[in-house]
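Visitor: Got a structure for you, written out below as structure tokens; questions coming shortly.
The values are calculated or read from the model by the stated rules, or taken from the named source; none is laboratory data. As the structure is a prediction and not an experimental result, all values here were calculated from the model. Don't worry about glycine lacking a Cβ; one is built from the backbone with ideal geometry, like all the others, and counts go over all protein chains shown.
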Amino acid sequence: AETHYHEFVIQAKPVRRLCRTHNTITVNGLFPGPTLEVRDGDSLVIKAINNARYNVTLHWHGVRQLRNPWADGPDRVTQCPIRPGRSYTYRFTIENQEGTLWWHAHSSWLRATVYGALIIHPKLGSPYSFPMPRREIPILLGEWWDRNPMDVLRLADFTGAAPNVSDAYTINGQPGDLYRCSKQETVRFPVDPGETILLRVINSGLNQEFFFAVANHILTVVSVDADFTKPFATSFIMIAPGQTTDVLLTADQTPGHYYMAAHAYNSANAPFDNTTTTAILEYKSAPCNANKGRSSTPIFPQLPGFNDTNSAIAFTSSLRSPSKVNVPLQIDENLFFTVGLGLINCTNPNSPRCQGPNGTRFAASINNVSFVLPTRNSLMQAYYQGQPGVFTTDFPPVPPVKFDYTGNVSRGLWQPVKATKLYKLKFGAKVQIVFQDTSIVTVENHPMHLHGHHFAVVGSGFGNFNPQTDPAKFNLIDPPYRNTIGNPPGGWVAIRLVADNPGIWLLHCHLDSHLNWGLAMAFLVENGVGELQSVQPPPLDLPQC
Ligand code: C2O
């Protein structure tokens, strides 16, 4: 195994898109940031140097970070932020993971532009679980604002309203030729006729789920969130923020130019960016593929409609593990988590900070608790040092009020309580979590992401979860493993996992506006027996609050 050393300088850089230049927070001046390529078993040593005006932390999304929460990154959860002018070195090892993950800033709204791919190849000499592709291409789907994104987002922070919708979507940082001033920069992927390539698709967007397709080409899904799947063929994928999906594509069509495109899957009844980002798959042998060919219009793919929830669910529920997996059968912790938006009454409803209906302020919650980040210390540092008063461990395992989540919505859940509550798990506990969308304020798909673990997605459905009848239908044979799962709008999804990683691990909606409103909680997984089941000591340069 190898150790990879990198320096990530976080700094503002002028970035030009849509004919205008905005000062953008980047890593090493790049947007998107650098791609990390490693093998399973390798170690990474990444010195993050903060030359920006904001506090920063970095998160390696999906890396298990076994016994090493210190490298996980969420601001005030596992570390205090890296202040402007300071640095922190993230040190971690990839243990038994391969596939596509990614990294992003995990403080304030910085991940809008601070992100990149993390590709994990199999150990030297071990093959892929699928035929070796000729080429591998990371495809980062993102969002772009035609103004300084941090200004847009900090305004949203202040008013408590949803941030402005983005002005463009991007593929590897480029909007593509359906937008103004983007034609020359449209990303092009040359292919040889007949070759098979691996597209490593990552949704690094801030607030948007996507449908993605390549015109006339079948995509064979082989992996999601760095866990293999039973290969299955599809004409499109649905991908939520935080998720990754690896697909094989064989260039078996008439040599020519074909668009790959992504647009929103948006089930909420709220304004959204309804534009389409494109890149071009270019057969090398296509006639006139030099400059002239570039003006010939590529073929456009068919994407499901913006609110086509049935297609979104049909895709997600087709995923399976390649063969039988070890799902926990006996459950130690049976958790039922309502996820959704809520509204907090304002004392002064005319305040600019109260932009919700009838002068309320938006707050999102799990089981009616709207998660508040501590200010005095990070959760992990407070826990490790035994500092009291930073958090409590009384997060409710079930919602305080039971109600019909899809119909008669109880007033009780309209007033979430702000608090920093954790839920304690014994090392090795077998956990089931059923997420239920509350449909309060709006019916929405919430991509729920758990740090430090992956989990089996054993079931999902529309309407209210029924604890009497639904568990009987769970797939306990070959459910897919993931680190981020979309809770169907107006429905539920059930996951199972083993809490085998001591430390404090954030669970949250990966729509950044919802995270910002408090749609999060954290697990405290206690140490097990001995060093191999206990949190490692923190590194000496860990930032202090
Ligand atoms: Cu990809 Cu908590 O994040």
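Visitor: State whether one or more residues within the range 187-197 are in contact with a strand residue (DSSP E or B) (Cβ under 8 Å, 6 or more places away or on another chain), in a strand (DSSP E or B), of a type in the set (D, E, K, R) and surrounded by fewer than 18 Cβ atoms within 10 Å (Cβ to Cβ).
Guide: Yes, the range 187-197 contains at least one residue that is in contact with a strand residue (DSSP E or B) (Cβ under 8 Å, 6 or more places away or on another chain), in a strand (DSSP E or B), of a type in the set (D, E, K, R) and surrounded by fewer than 18 Cβ atoms within 10 Å (Cβ to Cβ).
Visitor: Hey, another quick one. So Ile495 passes all but one of these: (1) crowded, with 18+ Cβ neighbours inside 10 Å; (2) on the phi > 0 side of the Ramachandran plot. Which condition number does it fail?
Guide: In the conditions (1) crowded, with 18+ Cβ neighbours inside 10 Å; (2) on the phi > 0 side of the Ramachandran plot, Ile495 misses (2) alone.
Visitor: So, Asn516, is that one within 30 Å of Ser166 (Cα to Cα), touching a helix residue (DSSP H, G or I) at 6+ places or on another chain (Cβ under 9 Å), touching a residue at least 40 places away in the same chain (Cβ under 8 Å) and not assigned by TED's automatic domain parsing to the domain that holds Arg86 or not?
Guide: So Asn516 passes the test.
Visitor: If you don't mind, there's one more thing I want to ask. Ala162 - would you say it is in contact (Cβ under 8 Å) with a residue 40 or more places away in the chain and part of a loop (DSSP other than H, G, I, E, B)?
Guide: yes
Visitor: Confirm whether Val434 is assigned to a loop (DSSP other than H, G, I, E, B) and more than 21 Å from Phe232 (Cβ to Cβ).
Guide: For Val434, the condition - assigned to a loop (DSSP other than H, G, I, E, B) and more than 21 Å from Phe232 (Cβ to Cβ) - is not met.
Visitor: Scan the range 480-496 and tell me whether some residue there is under 24 Å from Lys426 (Cα atoms), more than 16 Å from the ligand (Cβ to nearest atom), at pLDDT 95 or above and aromatic (Phe, Trp, Tyr).
Guide: Taking every residue of the range 480-496 in turn, at least one turns out to be under 24 Å from Lys426 (Cα atoms), more than 16 Å from the ligand (Cβ to nearest atom), at pLDDT 95 or above and aromatic (Phe, Trp, Tyr).
Visitor: Residues that are farther than 18 Å from Arg111 by Cβ, of a type outside the set (A, V, I, L, M, F, W, C) and in contact (Cβ under 8 Å) with a residue 60 or more places away in the chain: does the range 18-38 have at least one?
Guide: Yes, the conditions are met somewhere in the range 18-38.
Visitor: Then there is this: Scan the range 122-130 and tell me whether some residue there is in contact (Cβ under 8 Å) with a residue 24 or more places away in the chain, of a type in the set (A, V, I, L, M, F, W, C) and not in a loop (DSSP other than H, G, I, E, B).
Guide: no
Visitor: Before we move on, is Leu140 in a strand (DSSP E or B) and not aromatic (Phe, Trp, Tyr)?
Guide: So Leu140 passes the test.
Visitor: Further, regarding this structure: Do we find a residue being assigned to a helix (DSSP H, G or I) and within 30 Å of Pro489 (Cβ to Cβ) anywhere in the range 359-377?
Guide: Yes, there is a match, as at least one residue in the range 359-377 is assigned to a helix (DSSP H, G or I) and within 30 Å of Pro489 (Cβ to Cβ).
Visitor: Counting only residues that are farther than 19 Å from Pro539 by Cα and within 16 Å of the ligand (Cβ to nearest atom), give me the strands (runs of 3 or more DSSP E) lying completely in the range 53-121 with at least 3 of them.
Guide: Answer list for the range 53-121: 99-105, 115-121.
Visitor: Output the residue which, of all residues in the range 277-322 that are closer than 24 Å to Ala226 by Cβ and assigned to a loop (DSSP other than H, G, I, E, B), is modelled with the lowest pLDDT.
Guide: Ser317
Visitor: From the list Gly41, Gly33, exactly one residue is assigned to a loop (DSSP other than H, G, I, E, B), modelled with pLDDT of 95 or more, closer than 30 Å to Ala499 by Cα and not assigned by TED's automatic domain parsing to the domain that holds Arg180. Which is it?
Guide: Residue meeting the stated conditions: Gly41.
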